[in-house]
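Participant: Shown below is the structure under consideration.
Since every read-out is calculated from the coordinates, none of them should be taken as a lab result. Everything numeric in this text was worked out from a predicted model, so none of it was measured. Every residue, glycine as well, gets a Cβ built from its backbone with ideal geometry; the counts of neighbours run over all protein chains shown.
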Amino acid sequence: MMSTLLKQGVAASVAALLTLGQAYAADLAAPKVMPVEAQAPTPLIGFSFGSRYQTDYNFRGISQSNRQGSYQTFFEAQYFNNFAYTGFATYQTRLPTRPDMEFDLVAGIRPTFDKFAFDFGVIYYFYPNETQLFAAPGVPFTTKNTDC
């Protein structure tokens, strides 16, 4: 009885190995370039958006969230096959000037030359409802908007 079970187990193992060897032949590499008739037309406008949670929002080594978590969202619109873009991002902050959040506006272009891709853009940091801090009476320690 034991030898019958052993024979059946060996036969099943050999059959499985032979079957797996044939499955590898089906995993041939797909063509790298799609045929022209299968390619979708490039859209005039594309969109990208998302959100994340960061355990400590740091900028240049300084915690912008007082070493606490920070929720962050972004939205971007790309134009002319991702050549130009505009967008915004929001970040939860806990700064001494007590702004409601950080609101970033971005715009730029992404030209490509053969295998080289570039990203030239501008960014504006805005902190809504930020308070001004004073070091001494009448001497401002911070500007109203810290990115000025």
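Participant: Can you find even one residue in the range 92-100 that is of a type in the set (S, T, N, Q) and either touching a helix residue (DSSP H, G or I) at 6+ places or on another chain (Cβ under 8 Å) or in a strand (DSSP E or B) (or both)?
Facilitator: Among the residues of the range 92-100, not one is of a type in the set (S, T, N, Q) and either touching a helix residue (DSSP H, G or I) at 6+ places or on another chain (Cβ under 8 Å) or in a strand (DSSP E or B) (or both), which makes the answer no.
Participant: A further question follows. Kindly provide the set of residues from the range 34-82 that are touching a Gly at 6+ places or on another chain (Cβ under 7 Å), assigned to a loop (DSSP other than H, G, I, E, B) and surrounded by 14 or more Cβ atoms within 10 Å (Cβ to Cβ), ordered by number.
Facilitator: Within the range 34-82, just ASN82 meets the criteria.
Participant: Same structure, new question: Can you pull out the residues in the range 101-132 that are under 18 Å from the mean Cα position of the chain (by Cα) and in a loop (DSSP other than H, G, I, E, B)?
Facilitator: ARG110, PHE118, ASP119
Participant: What number of residues in the range 93-130 are aliphatic (A, V, I, L, M) and closer than 16 Å to SER65 by Cα? Full working, then the answer.
Facilitator: First, pick out the residues of the range 93-130 that are aliphatic (A, V, I, L, M): 95, 101, 105-107, 109, 117, 122-123.
This time we only want the ones that are closer than 16 Å to SER65 by Cα, so: 95, 101.
Going through the range 93-130 one residue at a time, the tally reaches 2.
Participant: Scanning for something under 18 Å from the mean Cα position of the chain (by Cα) and on the phi > 0 side of the Ramachandran plot, does the range 65-82 turn up at least one residue?
Facilitator: yes
Participant: Being of a type in the set (S, T, N, Q) and exposed (fewer than 14 other Cβ atoms within 10 Å of the Cβ) is the filter; apply it to the range 91-143 and report the residue that is nearest to ALA77 (Cα to Cα).
Facilitator: For the range 91-143, the residue satisfying everything is THR112.
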